[in-house]
1. Can you pull out the residues in region 179-218 that are touching an Asp or Glu at 6+ places or on another chain (Cβ under 8 Å) and modelled with pLDDT under 95?
2. I'd like to know if region 246-259 contains one or more residues that are at pLDDT 95 or above, out of contact with any strand residue (DSSP E or B) (no Cβ under 7 Å at 6 or more places or on another chain), hydrophobic (A, V, I, L, M, F, W, C) and not assigned by TED's automatic domain parsing to the domain that holds Gly123.
3. Are any residues in region 118-134 within 20 Å of Arg215 (Cα to Cα), outside any loop (DSSP other than H, G, I, E, B) and within 9 Å of the ligand (Cβ to nearest atom), and if so, which ones?
4. What pairs come up if the first residue lies in region 158-171 and is over 20 Å from Cys52 (Cα atoms) and among the small types (Gly, Ala, Ser), the second is at pLDDT 95 or above and in a loop (DSSP other than H, G, I, E, B), and their beta carbons are under 9 Å apart, counting only those six or more places apart or on different chains?
5. Going by the conditions given, is Ala205 buried (at least 19 other Cβ atoms within 10 Å of the Cβ) and not assigned by TED's automatic domain parsing to the domain that holds Arg283?
6. Among residues belonging to region 138-147 that are more than 6 Å from the ligand (Cβ to nearest atom) and surrounded by fewer than 21 Cβ atoms within 10 Å (Cβ to Cβ), point out the one that is nearest to the chain's Cα centre (by Cα).
Amino acid sequence: MSDLLPLSGMIKGEILASVPMSDYTSFRVGGRVDYLAFPSDIQDLQKILGWCKQRGVRYFVLGNGTNLLVRDGGVRGMAISLSRGFLCLEEVGGGPEENLILAEAGGPLGKLVEFSSEKGLAGMEFAAGIPGTVGGAIFMNAGAFKEEMKGVLHSVRLMDPEGNIAEKGKNQLRFSYRSLEVEKGAVILGAQFRLRPENGQKVKAKVEENIRWRRAKQPWDLPSAGSVFKNPVQGPAGRFVEEAGLKGSRIGDAQVSEQHANFIVNRGKARARDILALVEIIREKVFKEKGVWLETEIQVVGED
Ligand SMILES: Cc1cc2nc3c(=O)[nH]c(=O)nc-3n(C[C@H](O)[C@H](O)[C@H](O)COP(=O)(O)OP(=O)(O)OC[C@H]3O[C@@H](n4cnc5c(N)ncnc54)[C@H](O)[C@@H]3O)c2cc1C
């Protein structure tokens with residue numbers, strides 16, 4: 001911690017030491033991260049990245065931890081959260097057929113959905129109920145109902161590991177299924193979204209319908225990180241897991257959800273190693289019985 005003091009004094013935000021990642025992830029598992037930084041603005045973030053570079057400290061950006069599995073040994077280095085300083089959400093322009101909304105990366109994706117529907121702007125309804133931050137959703141190219149973030153993005157603002165900032169138009173960015181390719185160590189600062197004017201009641205009704213669908217189909221009462229596997233080209237991952245007879249399978253307190261076979265839920269005291277062991281069992285059985293190799297959608301960080 002003493003090593004951190006000079007940095008703590010240099011920034012307006014806060015830096016915590018030895019923080020349990022189970023408090024910051026929706027799976028509620030994971031060991032401690034050495035440092036957790038909450039920059040309050042661009043200058044803070046530049047100082048933090050500079051400090052990490054100077055000392056050879058590894059870092060990663062933490063969104064809301066809803067797609068993250070942190071191993072039980074925790075993470076060496078620094079987690080950086082934009083949740084306290086990068087929250088701006090405003091309309092920045094547009095014309096009769098489209099409006100541009102600026103959303104900074106640290107704010108909840110749900111707030112962007114709500115803001116858009118209150119303004120009578122359509123396009124974000126698919127994202128209703130996807131937990132997490134705007135930054136996490138962009139990095140993951142989050143999606144649902146055959147739509148994804150790529151479809152509504154106009155441009156993304158990024159900081160590279162040297163602290164330089166660049167605005168990239170959608171056409172300069174490479175998206176794929178549940179991923180946006182960015183330089184290693186780059187931080188997504190925010191984005192502009194291109195939305196179209198629509199009857200406000202219609203937008204709100206769609207948002208509510210999508211949330212109702214999620215509550216009915218997905219396990220919301222137990223900790224999870226959403227879909228564990230990406231859907232392979234052959235069909236929905238959950239269907240293969242179910243057909244392999246794995247619904248309800250359990251290692252310790254990690255269990256394949258009875259409600260949605262592509263979710264693993266934490267029934268109380270699951271450890272990351274239980275979840276990872278279950279992931280391997282699922283992969284091998286699905287491969288053996290269905291000939292399909294499932295790739296994980298959840299991001300795994302840290303050490304055993
Ligand atoms: C109940 C439930 C339902 C879900 N449903 C869906 C769904 O329908 N569709 C879907 O796509 N996902 C779904 N998810 C998964 C998850 O919510 C999304 O992937 C979400 O977008 C992750 O955002 P986050 O802020 O929590 O990111 P985190 O989990 O914190 O991070 C995810 C990755 O993004 C990186 N990252 C985060 N912020 C930044 C940033 N500012 N700059 C650079 N990198 C960054 C992290 O380093 C990490 O690699 C669901 C999860 C749960 C728990």
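The values are calculated or read from the model by the stated rules, or taken from the named source; none is laboratory data. The structure presented is a predicted model; accordingly, all values stated were derived computationally and were not measured. Here the Cβ positions follow ideal geometry from the backbone for every residue, glycine too, while neighbour counts run over all protein chains shown.
1. Gly200
2. For region 246-259, residues at pLDDT 95 or above, out of contact with any strand residue (DSSP E or B) (no Cβ under 7 Å at 6 or more places or on another chain), hydrophobic (A, V, I, L, M, F, W, C) and not assigned by TED's automatic domain parsing to the domain that holds Gly123: present.
3. Scanning region 118-134 gives Phe126, Ala127, Thr133.
4. Correct list of pairs: Ala166/Asp160.
5. Answer is no for this residue.
6. Step by step, filter region 138-147, then rank; the result is Asn141.
This table checks each residue for (1) assigned to a loop (DSSP other than H, G, I, E, B); (2) touching a strand residue (DSSP E or B) at 6+ places or on another chain (Cβ under 9 Å); (3) more than 9 Å from the ligand (Cβ to nearest atom).
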{"position": "Val61", "(1), (2), (3)": "no, yes, no"}
{"position": "Asn64", "(1), (2), (3)": "yes, yes, no"}
{"position": "Ala79", "(1), (2), (3)": "no, yes, no"}
{"position": "Phe86", "(1), (2), (3)": "yes, yes, no"}
{"position": "Gly93", "(1), (2), (3)": "no, yes, yes"}
{"position": "Glu97", "(1), (2), (3)": "yes, yes, yes"}
{"position": "Ser116", "(1), (2), (3)": "no, yes, yes"}
{"position": "Gly136", "(1), (2), (3)": "no, yes, no"}
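Residue-by-condition table, conditions (1) of a type outside the set (A, V, I, L, M); (2) away from the ligand (no atom under 15 Å from the Cβ); (3) more than 23 Å from Arg28 (Cα to Cα):
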residue	(1), (2), (3)
Ile165	no, no, yes
Val187	no, no, yes
Lys204	yes, yes, yes
Glu208	yes, yes, yes
Arg215	yes, no, no
Pro236	yes, no, yes
Gly248	yes, yes, no
Asp253	yes, yes, no
His260	yes, no, no
